[in-house]
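Student: My structure is below; once you've seen it, I'll send some questions.
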Amino acid sequence: MHSRVAQCERLSQLTEGEHLMLARFRKSMDEKDQGFTLIELLVVMIIIGILAAIAIPVFLNQRKSAVDSALKSDLNTVAQAMELYAVDNQAYPSTVAVSGTTVTLSGAAGSPSQTTNISTGNTVSLGTATVTGSYCVIATRVADQSPGTQTAWVFNSAKGGLQAKGTTSCGPATATP
């Protein structure tokens, strides 16, 4: 209470010039305390919209690249399992069965099977090898999963492994002299 009385006494001792200065200061503070203008808000909204328009396509392409990487990785995993099967059984497997994320490679009756795992949402199938003593594996995305940049990736042992983007079938192998 005492400090309030001291303030009142001090205000009564102010000169007319000091009163005008305080009034101007108070008026400018009141005018600046109105918030953002509509133009300022619109500019911020436009900037956010531009940034979103740039970021969303980049994000979607990264997802497709991740799907492609998973498909290629699964192809290499299955190809390694095929080679291991061939070392153990002196022939490549004749069937590839996929159950969920488990891939089972099997061949002639009586020969043991080889199993490996692939990513969720991917599937692999055995393509028709065009060269004796080779194999071809095709990896695709399950229909209800998010797609990659292409429908299938191909691993062809007769053509040197993982095939170039755009190759979707085993096709004829190029002959080497």
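Student: What's the exposure ranking of R26, R141, going from fewest to most Cβ atoms within 10 Å?
Tutor: Least crowded to most crowded, the residues run R26, R141.
Student: Looking at the square roots a ≥ b ≥ c of the eigenvalues of the Cα gyration tensor of region 69-177, which shape do they give, rounded for a/c under 1.5, prolate if a/b is larger than b/c, or oblate?
Tutor: oblate
Any read-out appearing in this document is the output of simple, stated calculations on the displayed coordinates, not a laboratory observation. A quick note: this is a predicted structure, and the numbers were derived from the prediction, not measured. Note that we place each Cβ from the backbone using ideal geometry, even for glycine, and neighbour counts take in every protein chain shown.
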